[in-house]
Amino acid sequence: MTPGRDARGRRARNRAYGRYGDRSRGPYSPGVTAIAELTAALGSGKVLTDPDVTDSYARDRTFLEPGGPLAVVLAESTADVVAVMEWATRHRVPVVPRGAGTGLAGGATAVQGCVVLALQRMTAIRELSPADEIAVVEPGVITADLDRAAREHGLMYAPDPSSYEISTIGGNLATNAGGLRCVKYGVTRDSALGLEVVLADGRILTTGRRTVKGVTGYDLTGLFVGSEGTLGVITSATVRLRRAPLVPPATIAAEFGSLRDAAAAVAAVIAAGCQPSLLEMLDRATLKAIDDWRNIGLEPAVQAMLIAQSDAPDGPAVAERMRELCEENGASFVAVAAGPQEAEELIGLRRLAYHAKERLGACLVEDVCVPRSALPDMISAIEAIAVRHDVLICTVAHAGDGNLHPVFVFDRGLPEPPPEVWAAADEVFREALNRGGTLTGEHGVGLLKRRWLALEAGPVTEEVHLGIKRVFDPLGILNPGKAI
């Protein structure tokens, strides 16, 4: 890289990360003595400073170019996190909490001169109580591992993001992740009962409770869930477990000649009170990407697919009703899965969507959400925007709750999306807001969506957000420049 390009890159990063608090001192540089102090406090092997190693902890799954971390800390306990935050407060060094790095909004990307606080070694399930239907887990626990542990007791952990086999509970809490089952069971916040949080100055805050009900004081648990590491570092969570279905869910897949018909079928399924446990939609571009990769036998006339499940005791009857509604709304073909293996293959098809699109090029993965009644019109708007800007947009959706993931595909090797992609994304965001929706349903704001925040939040909300940030993080060292 030439010196000129390097300078431009630094300026671009500064614009992207923004500023919070007083940064007139310039880049963070506490010096060798301070790093030695941190290493002495944590013990051998927990502080990494080799740039080739720290760089691998600096990125999430976006195209964003991170800043250079001063160090990476591999925390193994709440005490380690306390030591890091006390040290960071003394030296005024920014701290970027990190789970598995599966984020899609830039929330875990390093800022220049920060300490990346990696939590993936905190993997203990401290408690699993079948009687109370709760678990107490550390932030590095893989989402699917918690679900598997719960199922040994006839329970399940309901939040089910597509990255459930690699994403962590801490990351899910940071972004209030949703997933495939959220149409029935809600997002991560709906399963979070209480938290242990290390604040910016190293104090430990305990929020919430172990009970299903509880209204003492403000809902601090709800405040921290979705705060993207800007208010504190979550070191354990008490989460709600639910009874696992007694029989395998009944599953259907429906093919449509238009995406709008598929969206109309979604609205009909919800209006009929079917209460699906999963209701996912894939557009033609996504299906073609999967077909090119795995040869699923995609027919030329198929423009969209719905995959639906019911885990109710009368699941087969519900699946039959959903089949009828799909046919009434233009489905050209509907199949009911013959058994659990066939159902898993259909769900696996949905989970392949993001990986299939990554094979096409670099991806700007977005995450708008609209009221379910607005879903058909929003789908049509995205299709028109793609044509207008000549941009490939592959859309999948947690259709049952109106959460769409339009993925803008562009050429690899570019430092960021080209202007036409940003213009198309801008229109998609504005369309969602105009239809009573939101900029993000589950990925978070991170860095990618900060430029649009004012469109949704407004000045009063922004002022309140900043006020809350100052209460919990007066020095502005926790994940600066993210989320707000």
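Whole-Hz Karplus values for the stretch 290-301 come out as 5, 5, 4, 8, 10, 6, 8, x, 5, 7, x, 7 Hz, taken residue by residue from phi with 6.51 cos²θ - 1.76 cosθ + 1.60 and θ = phi - 60°; glycine and proline positions read x. Taking every alpha-carbon pair in the stretch 376-484 and binning the separations at 5 Å intervals from zero gives 2, 10, 19, 21, 18, 12, 10, 6, 2, 0 percent.
Considering every alpha-carbon pair of the stretch 250-443, the percent of pairs per 10 Å bin, from zero through the bin containing the longest distance, is 10, 37, 36, 14, 2, 0.
Hey, what's the Kirkwood Rh for the stretch 176-315 if you take every pair of different alpha carbons, in angstrom?
On the way: mean 1/r = 0.0551 Å⁻¹.
Final number for the Kirkwood radius of the stretch 176-315 is 18.2 Å.
For residue 484, the solvent-accessible surface with a 1.4 Å probe is about 60 Å², rounded to the nearest 10.
Relative to a virtual label point 7 Å from the Cα of residue 293 in the Cα→beta-carbon direction, which members of the stretch 344-378 show backbone nitrogen distances below 17 Å? Taking a point 7 Å out along Cα→Cβ of residue 293, the residues of the stretch 344-378 whose backbone N falls under 17 Å are 345-366. Test of understanding: extend the Cα→C-beta vector of residue 243 to 7 Å, then name every residue of the stretch 131-147 with backbone N under 19 Å from that spot. From the stretch 131-147, the list is 131-135. Helix-only arithmetic for the chain: the sum of -39500 (n - 2.57) across DSSP H runs with n ≥ 4, divided by the residue total, places the mean residue ellipticity at 222 nm at -11000 deg cm²/dmol.
Modelled this way, with points 7 Å down the Cα-to-C-beta line, the labels at residue 56 and residue 455 are 3.8 nm from one another. Hey, which lysines would be in cross-link range of residue 288, C-alpha to C-alpha under 27 Å, not counting anything within fewer than 8 residues on its own chain? Counting by Cα, and skipping residues close in sequence, residue 288 has these lysines nearby: 357. Under the shape rule built on the C-alpha gyration tensor, where the axes satisfy a ≥ b ≥ c, the stretch 208-254 is prolate, since a/c reaches at least 1.5 and a/b is greater than b/c. Between the C-alpha center of the stretch 294-371 and that of the stretch 56-120 there is a gap of 37 Å. In the stretch 308-377, the inverse of the mean reciprocal separation of distinct Cα atoms equals 15.0 Å; this is its Kirkwood hydrodynamic radius.
Please list 157, 354 from largest to smallest accessible area, probe radius 1.4 Å, with all protein chains kept in place. Walk me through the numbers on the way to the answer.
On the way: 157 0, 354 40 Å².
So, going from the largest accessible area down, we get 354, 157.
From the C-alpha coordinates alone, can you work out the Kirkwood hydrodynamic radius of the chain, in Å?
Details: mean 1/r = 0.0429 Å⁻¹.
By the Kirkwood definition, the hydrodynamic radius is 23.3 Å.
Sorted largest first by accessible area at a 1.4 angstrom probe radius, with every protein chain in place, the residues 293, 87 fall in the order 293, 87. Please give every one of the lysines within straight-line cross-link reach of residue 482, meaning a C-alpha to C-alpha distance under 18 Å, and leave out same-chain neighbours fewer than 8 residues apart. By straight Cα distance, residue 482 reaches 449, 469. At a Cα cut-off below 17 Å, give the aspartates and glutamates reachable from residue 184, other chains included and same-chain residues fewer than 8 away excluded. Counting by Cα, and skipping residues close in sequence, residue 184 has these aspartates and glutamates nearby: 147, 160, 280, 311, 314, 401, 442.
Whenever you get a sec, line up 357, 184 from highest to lowest accessible area (probe 1.4 Å, protein heavy atoms).
184, 357
Could you grab the Rg to Rh ratio for the stretch 125-243? Cα atoms only, Kirkwood for Rh. Intermediate values should be presented prior to the final figure.
Numbers: Rg = 13.2 Å, Rh = 14.0 Å.
That ratio equals 0.94.
The Cα atoms of the stretch 66-212 define a convex hull whose projected area, averaged across directions, is 8.7 nm².
The values are calculated or read from the model by the stated rules, or taken from the named source; none is laboratory data. This is a predicted model, so every value here is computed, not measured. Backbone-built Cβ (ideal geometry, glycine too); neighbour counts: all protein chains shown. When the accessible area is computed, the model is the full protein with side chains, heavy atoms only, and any ligands, DNA or RNA have been set aside. Shrake-Rupley method; radii C 1.70, N 1.55, O 1.52, S 1.80 Å.
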